[in-house]
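The values are calculated or read from the model by the stated rules, or taken from the named source; none is laboratory data. Computed from a predicted model, the values in this text were never measured in an experiment. FYI the Cβ positions are ideal-geometry reconstructions off the backbone, even for glycines, and counts take in every protein chain you see. The accessibility values were calculated without ligands, DNA or RNA, using every heavy atom of the protein model including side chains. Shrake-Rupley method; radii C 1.70, N 1.55, O 1.52, S 1.80 Å.
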Amino acid sequence: MADMYDENREVCSRYVHSTSRGHEAIQLAAGMQLKPCDYASPYYRDESMLLGMGLEPYELMLQLMAKRDDPFSGGRTYYGHPSLKREGFPTIPHQSSATGMQAIPATGMAHGIAYLESQGILKSDENPLVLCSLGDGSVTEGEVAEAFQMAVLKKLPVIYLVQDNDWGISATGKEMRAMDAYEYAAGFKGMERMAVDGADFVDSYLGMKKAIDHVRKKRSPILVHAKCPLLGHHTSGVRREWYRGEDLELHRKSDPIERLRQYLLETGESEEVLEQAQERATARVTKDYERAISAPSADVDDFDTHEFAPATITEESGVRSPQNGEKVVMVDAALHAVDELLKKHPEALFYGQDVGRRLGGVFREAATLAQKYGDERVFNTPIQEAYIVGSTAGMSAVGAKPIVEIQFADYIWPAMNQLVEELSKSCYLSKGKFPIQSLIRVPIGAYGGGGPYHSGSVESTLLTIRGIKVVYPSNAADMKGLLKASFYDPNPVVLLEHKGLYWSKVPGTGEAKTVEPDEDYIIPLGKANIVQQASEENIAAGGAAVVITYGMGVYWAKEASRDFSEQITIVDLRTLNPIDWDIIASEVKKHNRAFVLTEEPLLNSFAESLAGRISKECFRYLDAPVWTFGAANLPAIALNADLEKMMLPNADKVKTELRKLLTF
């Protein structure tokens, strides 16, 4: 196959690809021994592993050429980036380019398997495991360390297969690392280690058999370090002849195909039989290549399908304000919602920093949950935001339903790689095979001197990521209904929870405390709510405006318009993506004046983006510019409470801006 691709470079290198030349022995040894109950997380050079599992050259070539019938992505992603859900094969969830990032989702799969086994939900005599394949250059990444740490901490059934060819792209091992992966793994207490000759099929096969048997029986992690030659190009775009020189000749001495040929001859096989095998392989590859060349190209009419899996909650249901119901603060509404979900769904679990038994969350948002449901279901993680978020991709793939928490919005940045590369792209690039059900809770916002690392707003950054949903409730009833809808949504959902609304202690936020809805209450994502209505008389006379906002902005707008509430309609967005454009457009056209209010610094924000869309779509209905207002354009919120007050919007500032709009 590699020779065919090189000989037909004009066709085969239109899109970048890598081949497994030099790595065939260890990859086949691994792929041939996995069972259908297992999960695999290959890296981009693992085509021989896929062939060892039983995939056909033709199928890989369809992906190489970005053809319509590419079984993994329909032409959407690179060669060697599989996503497979097929009877009789190991499951291969979608992953990104697999240069280290895949270690966390793969470990999340093993974590999910271990959790489901601990609850008696996953009952199998075969003891499924996860194979995570890594190139040696990727093991220096911090996210790999997070994965290894959790694997040994939780004793997870995962094999880390590290294929070490001593090259990155053009950098050698000596330039990139102080130790190889085998030596590095010694620092992770509880990680079994094994070294094999990755160019020798017999040694690789027996080594992988031993590793697989260990994980099936012991249910704990092992790292297999396989030394391999690199005989192909790094990729078709970075060719070996540019810089390899004598090194390439040295690597060719360990060619796994030639070594296997010699072994077979020494053990009694004939040259004739081997030549016939070579001829059959060449004929098969030639035939498959010709079929792939003539196969239909990707369907351009299908280019925009599968951004999201279809939502299951489409209507509001349950009782929002039960008779004789008690009022609760937002943080308790969230706690009760999670409690009810854990009670109803044994496959659900909740984890993050400090949410476990001892503290129950820094905001007490998980109080008593570990005591009720056990430390396997509600537990603390290390300070590993990447693992917290990225592991949910693996959890979802094996059937667990994770609820996780980032302790403060300002701490989400280490998780962005996983959120963008793994969670957001999975449904689209797998053509709907692997949507990721993931509920990520994030306390957000400023009040009372939280300072620069506990007060930030991050919604504009999140909203640039396609393939995730962003929810932002402003009161207890919405919190409960939206949290449950977020849990049941089959896509990644980031639930932003304003800390200043948690207890309604901030002046003017008393209405965030509401009667608690019943257990069945749920609000579909993407539905805004009108929380204050201007009078029809003022609207008809052209003396009204609509404020479009969310979170704390709802209360600033209410307080600001107290003296002229008959002139102001307030739309609480509740969900920022998907956004309820219908209600926005309807209210703007009705009022002819629009005000977009945010807590974020205004410049280049979601609020400005929304104002731009309103200006374009509703221009002919507007009697004034679309007004925008937010925080000062500064990089952080100062610790001093007076400085914080100067930066943030408040009711008085909003009142001044509203009067400007109404009198424009």
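Here are the numbers for this structure:
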item: Pairs from Lys527/Lys616; Lys155/Lys484; Lys469/Lys499; Lys372/Lys505; Lys174/Lys217 whose Cα-Cα separation, in the structure shown, is over 26 Å; result: Lys155/Lys484; Lys372/Lys505; Lys174/Lys217
item: Rounded Å value of the spacing that divides the Cα centres of the stretch 430-503 and the stretch 66-137; result: 26
item: Prolate/oblate/rounded label for the stretch 390-433 (Cα gyration tensor, a/c 1.5); result: oblate
item: Given charges at Cβ of Lys, Arg, Asp, Glu: the stretch 364-515 dipole, positive-most of Trp503, Ala476, Pro443; result: Ala476
item: Net dipole in debye of the stretch 128-193 [+1 Lys, Arg Cβ; -1 Asp, Glu Cβ; about Cα centre; nearest 20]; result: 320
item: The stretch 153-221: relative contact order as a whole-number percent, Cα under 8 Å and 6+ apart; result: 49
item: For the stretch 445-451, Karplus couplings with θ = phi - 60° (6.51, -1.76, 1.60), whole Hz, Gly/Pro x; result: x, 10, 5, x, x, x, x
item: From phi via Karplus (6.51, -1.76, 1.60), per-residue ³J(HN,Hα) for the stretch 366-381 in Hz, x at Gly/Pro; result: 10, 4, 6, 5, 5, 4, 6, 10, x, 6, 6, 9, 10, 8, 7, 10
item: Helical segments meeting 20 Å axial Cα length and Kyte-Doolittle 0.0 threshold in the chain (DSSP H); result: 103-118, 330-344, 385-398
item: Whole-number accessible area per residue in Å² for the stretch 493-596, which is evaluated in the context of all protein chains at 1.4 Å; result: 33
item: Rounded to the nearest 20 debye, dipole of the stretch 39-89 from Cβ charges on Lys, Arg, Asp, Glu; result: 180
item: Length-normalised contact order for the chain - Cα pairs under 8 Å, 6+ apart - percent; result: 12
item: Accessible area in square angstrom per residue, the stretch 309-467, 1.4 angstrom probe; result: 37
item: Karplus (6.51, -1.76, 1.60) ³J(HN,Hα), θ = phi - 60°, over the stretch 69-84, in Hz, Gly and Pro reported as x; result: 8, 3, x, 8, 9, x, x, 8, 9, 5, 4, x, 10, x, 9, 9
item: Separation in nanometres of the label points that stand 7 Å from Cα toward Cβ, at Leu265 and Lys210; result: 2.9
item: In nm, spacing of pseudo-spin labels at Asp6 and Ala283 (7 Å Cα→C-beta vector); result: 2.5
item: Gain in span if fully extended, Thr656 to Leu639, counting 0.36 nm per residue against the direct Cα distance; result: 3.5 nm
item: Cα gyration tensor, the stretch 62-151 - rounded (a/c under 1.5), prolate or oblate; result: oblate
item: Share, in percent, of DSSP beta bridges within the chain that are antiparallel, nearest 5; result: 20
item: Furthest towards positive pole of dipole, Gly74, His591, Gly198, structure part the chain, Cβ charges; result: His591
item: Alpha carbon convex hull of the stretch 390-539, projected area averaged over orientations, nm²; result: 11.4
item: Spin-label pair Ala540/Arg562, simplified geometry with 7 Å Cα→Cβ offset, distance in nm; result: 3.0
item: Computed [θ] at 222 nm, deg cm²/dmol, the chain (DSSP H ≥ 4; -39,500 (n - 2.57); rounded to nearest 500); result: -10500 deg cm²/dmol
item: Unit charges on C-beta of K, R, D, E only; dipole of the chain, Debye; result: 1240
item: FRET efficiency for Glu272 and Met32, using Cβ-Cβ distance with R0 set to 30 Å, rounded to 0.05; result: 0.75
item: Residues of the stretch 50-78 with amide N under 19 Å of a point placed 7 Å along Cα→Cβ from Thr305; result: 62-63, 66-78
item: Whether the stretch 476-587 is rounded, prolate or oblate, judged on the alpha carbon gyration tensor where a/c under 1.5 counts as rounded; result: oblate
item: Surface per residue (accessible, 1.4 Å probe) for the stretch 89-200, Å²; result: 36
item: Dipole of the chain, positive direction: furthest Cα of Asn165, Leu129, Leu248, with charges on the beta-carbon; result: Leu129
item: Distant-in-sequence amide H partners of Val319 (H built 1.01 Å from N, under 5 Å); result: Asp518, Asp520, Tyr521
item: Theoretical gain in end-to-end length, Lys123 to Asp520 [0.36 nm per residue, Cα-Cα removed]; result: 139.9 nm
item: Carbon plus sulfur fraction of accessible area for the chain, probe 1.4 Å, in percent; result: 50
item: Placed amide H near Ser438: partners under 5 Å, 5+ positions off or other chain; result: Asn491, Val493
